[in-house]
1. For the chain, report the accessible area per residue in Å² (1.4 Å probe, heavy atoms, rounded to an integer).
2. How would you order 81-92, 152-163 from highest to lowest mean count of nearby Cβ atoms within 10 Å?
3. So what does Val12 come to for accessible area, using a 1.4 Å probe and Å² rounded to 10?
4. Taking θ = phi - 60°, what integer Hz values does the Karplus form 6.51 cos²θ - 1.76 cosθ + 1.60 yield along region 105-113, in sequence order, with x for Gly and Pro?
5. Rounding to the nearest 20 debye, state how big the charge dipole of the chain is about its Cα centre with +1 on each Lys and Arg Cβ and -1 on each Asp and Glu Cβ.
6. Ranked from highest to lowest mean number of other Cβ atoms within 10 Å per residue, what is the order of the peptides 43-55, 242-254?
7. Taking H as built 1.01 Å from N, whose amide H comes closer than 5 Å to the amide H of Ala109, not counting residues under 5 places away?
8. Can you work out the PRE-style zone for Glu224? Point 7 Å along Cα to Cβ, and I want the residues of region 308-323 with backbone N under 17 Å.
Amino acid sequence: MGINILGMGKYVPEQVLTNDDFTRFIETNDEWIRTRTGIVSRPMAGWEPTWYMGKKASLEAIEKAGIDPAEIGLVISTTATADFHTPSMASVIQYETGAVNAGAFDLNAACTGFVYALDVARRFLETDRTIKYVLVSANESLSRFLDFTDRGSCILFGDGAAAAVVEYSDKLYSSALGSDGSGGKYLYARAMQVAPEIAQDPPADFTSDFEDSPLHKLRQNGKEVYKFATQALPKSFELAAGKIGITKDDIDWFIPHQANIRIIETAAKKLGAPMDKFITTLDHYGNTSSASIPLALGEAIEKGLVQRGQKLALIGFGSGLTYGGIILEY
Ligand code: UT7
């Protein structure tokens, strides 16, 4: 059993930071960023909270799906950059979209969040047939968690949201989710000051600067994440594809997490699939964490690249370190 993506929506802040803009406050240049990452510019939230972007994307998805929001049975919001510890972004979006009959919760699998949430949505639709529609909203404001003095990380990320309304269907579907928590130390943002004895165990194995790293700021070991990512993307596809006995040649479009064009190119090579089957939006969005895959998918649908009946592979990786793949028919 699979899902039918009925409608998608997006919200991207108007404010944009170009590569050149970064040269005003860090030592970098457009050429380095373009050639090492593929990024040219990225949207940055100004006044918009994360939930607001999620609301706008969700309303558009509901409108495109042509459904009554009261018929949504569940709202899942994916974010690693929530505005509040509580309430959840999902509860705010549930209220703001008029999804008055829906349950709501947040799911944090970092950049793999949309893949995880879509798979959770499918499982709800399968096991509770009273749920007609699930709204999955991926909303991120990475800019609020960036250290703008760290040139190795701050140039990578953008802000934005994308959402999908999905329903039960008997279309082709497979998924595989994974996590390697031993790599948590390579990409993290501390949330709270914790007592040293509590912090000792895993964080001692995090990075040497863990205890000194500021709260709410992203810390990254780019090389280690890069290594992980180039394995995780092909693995996510192969695990999901293996379950239903299909190969890369059966796939019309790969929609990978948008972190670095070189990661995507390496993954394509490892899979033996041509780059022109990979949707990329990195140049203008940068890495929008869990919003990156649905933003890329939504844009490809809008452009008429992705069409009904085609087979898609959504493949992601992120902090955790998490990874996951979904194969579905659009
Ligand atoms: O959703 C997951 C999020 N994270 C990722 O996906 C990160 C994955 N990793 C990467 O994408 C890459 O590792 C980076 C783009 C972060 C870095 O690229 P790299 O080719 O691995 O560069 P590097 O870290 O080896 O740095 C090479 C040089 C260094 O200078 P030295 O030590 O050789 O003199 C860096 O200090 O480039 C320097 N550098 C920069 N130079 C100009 C690092 N950042 C910059 C910058 N501008 N923004």
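The values are calculated or read from the model by the stated rules, or taken from the named source; none is laboratory data. From a predicted model like this one, the values you see are computed outputs, not experimental measurements. Neighbour counts are summed over all protein chains in view; Cβ atoms, including those assigned to glycine, are modelled from backbone coordinates with ideal geometry. These accessible areas exclude ligands, DNA and RNA; they are computed on the full protein's heavy atoms, side chains included. Shrake-Rupley method; radii C 1.70, N 1.55, O 1.52, S 1.80 Å.
1. On the way: 13640 Å² over 330 residues.
On a per-residue basis, the chain sits at 41 Å².
2. On the way: 81-92: 19.2, 152-163: 26.8.
For the peptides 81-92, 152-163, the packing ranking is 152-163, 81-92.
3. 40 Å²
4. 7, 8, 10, 10, 10, 6, 5, 8, x
5. Details: 31 positive and 41 negative charges, 133 e Å.
The calculation lands at about 640 debye.
6. Details: 43-55: 22.3, 242-254: 14.8.
With the highest mean Cβ count within 10 Å placed first, the list reads 43-55, 242-254.
7. Distant-sequence amide H within range of Ala109: Thr79.
8. Correct set: 318-323.
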